[in-house]
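Below is one structure, written out as structure tokens, with a few remarks after it.
The values are calculated or read from the model by the stated rules, or taken from the named source; none is laboratory data. These figures come from a predicted structure and were not determined experimentally. Every residue, glycine among them, receives a Cβ derived from its backbone with ideal geometry; neighbour counts consider all protein chains shown. These area figures cover heavy atoms from the full protein model, side chains too; ligands, DNA and RNA do not enter into them. Shrake-Rupley method; radii C 1.70, N 1.55, O 1.52, S 1.80 Å.
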Amino acid sequence: MTTPVLEIHNLHLAIDGKPILKGLSLTIRGGEIHAIMGPNGTGKTSLSQALMGHPRYQVTEGQVLLDGEDVLAMKPDQRARKGLFLAMQYPSEISGVTTANFLRAAINARRDEKHPIPLKEFRDRLDEVMRFLEMDPKFANRYLNEGFSGGEKKRNEIVQMLMLQPRIAILDEIDSGLDIDAIKVVAKGVNSLIGPEFGALIITHYQRILSYVKPDYVHIMFDGRIVKSGDARLAEELEQKGYDWIREELAHVGDR
């Protein structure tokens, strides 16, 4: 299988006519972990939702390609079938659909309809993944996320990622609300997929998850744009200094 490439070129995004993203460009390749950090309201979650095709967001300019194919021309389910995955900041609860049935349907949607995944193979794999992420396999028989704690919902997102094995994963504040032990488990799941056939974009406010999932690139967003990029040391600098020094840099550039 070829190394995946997600290319975002000059992306402009609006909600009800209000600009959200204002020319964002980013390329993520297999084997790479990218992190986007930035204050609230800079467009980080809007980027993740737009990449998966949320109808609330209007792309007014720009291009998104996955392995050379036009992502923006695809419906959300087509994007998922092509290997794009979103772990949501606030996972939805779906009553009446068990986690196991949801995942088996999702896996089969990416396979030849004449060759669905055998039930035993699926159950064995799901049990193995849930134990790896320190979740009771009984959660597989519960309705999707219904009655789950915040941490259990986040772990369940990683269960889905490991079962589906996407080409590019977008993890939107997957560490939000987790204690340090849960963060380590989530990081273990992400790290288990890292390789030439998998790339990830981690959207986060904090450096702590990046202590366990080492990013190759860190990007800072302000006002709908990436304004600074670097390696993992940039996240450490943000942890120490906050965002004021970035604001000062941007103000200084604007005064020139």
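Here are the numbers for this structure:
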{"quantity": "Beta bridges per DSSP with both ends in segment 64-185, % antiparallel, nearest 5", "calculated": "50"}
{"quantity": "Cα-based Rg of segment 176-215 normalised by 2.2 N^0.38 Å, two decimals", "calculated": "1.14"}
{"quantity": "Carbon/sulfur fraction of accessible area - segment 36-99, other protein chains in place, 1.4 Å, %", "calculated": "49"}
{"quantity": "Environment charge at A232 (Cβ cut-off 12 Å; Lys +1, Arg +1, Asp -1, Glu -1)", "calculated": "-3"}
{"quantity": "DSSP-defined beta bridges in the chain - what % are antiparallel, rounded to 5", "calculated": "60"}
{"quantity": "FRET efficiency, 1/(1 + (r/R0)^6) with R0 51 Å, evaluated for R247 and A105 via beta carbons", "calculated": "0.65"}
{"quantity": "For segment 4-111, diffusion coefficient by Stokes-Einstein and Kirkwood Rh (Cα), 4 °C, 1.567 mPa s, µm²/s", "calculated": "85"}
{"quantity": "For segment 5-13, Karplus couplings with θ = phi - 60° (6.51, -1.76, 1.60), whole Hz, Gly/Pro x", "calculated": "9, 10, 10, 10, 10, 6, 7, 10, 9"}
{"quantity": "FRET E, pair Q58, E7, Förster distance 22 Å, beta-carbon r, rounded to 0.05", "calculated": "0.65"}
{"quantity": "Sites S92 and E237 - FRET efficiency at Förster radius 51 Å, r taken between beta-carbons, to 0.05", "calculated": "0.90"}
{"quantity": "Integer Hz, Karplus 6.51/-1.76/1.60 couplings in order for segment 44-54, x for Gly and Pro", "calculated": "5, 5, 4, 4, 5, 5, 5, 4, 8, x, 4"}
{"quantity": "Sequence-distant residues sharing a close amide H with F222 (under 5 Å, placed H)", "calculated": "V227"}
{"quantity": "Viscosity 1.002 mPa s, 20 °C: Kirkwood-radius Stokes-Einstein D of segment 158-255 over Cα pairs, µm²/s", "calculated": "145"}
{"quantity": "Distant-in-sequence amide H partners of A35 (H built 1.01 Å from N, under 5 Å)", "calculated": "I202, Y217, V218, H219"}
{"quantity": "Whole-angstrom Cα spans of the chain along principal axes, big to small", "calculated": "65, 40, 35"}
{"quantity": "Karplus (6.51, -1.76, 1.60) ³J(HN,Hα), θ = phi - 60°, over segment 137-154, in Hz, Gly and Pro reported as x", "calculated": "x, 5, 4, 5, 9, 8, 4, 3, 6, 6, x, 6, 6, x, x, 5, 5, 5"}
{"quantity": "For segment 198-214 and segment 1-73, distance of Cα centres in Å", "calculated": "17"}
{"quantity": "Whole-number accessible area per residue in Å² for the chain, which is evaluated in the context of all protein chains at 1.4 Å", "calculated": "49"}
{"quantity": "Helix-only [θ]222 nm of the chain, DSSP H runs n ≥ 4, -39500 (n - 2.57) each, per residue, nearest 500", "calculated": "-10500 deg cm²/dmol"}
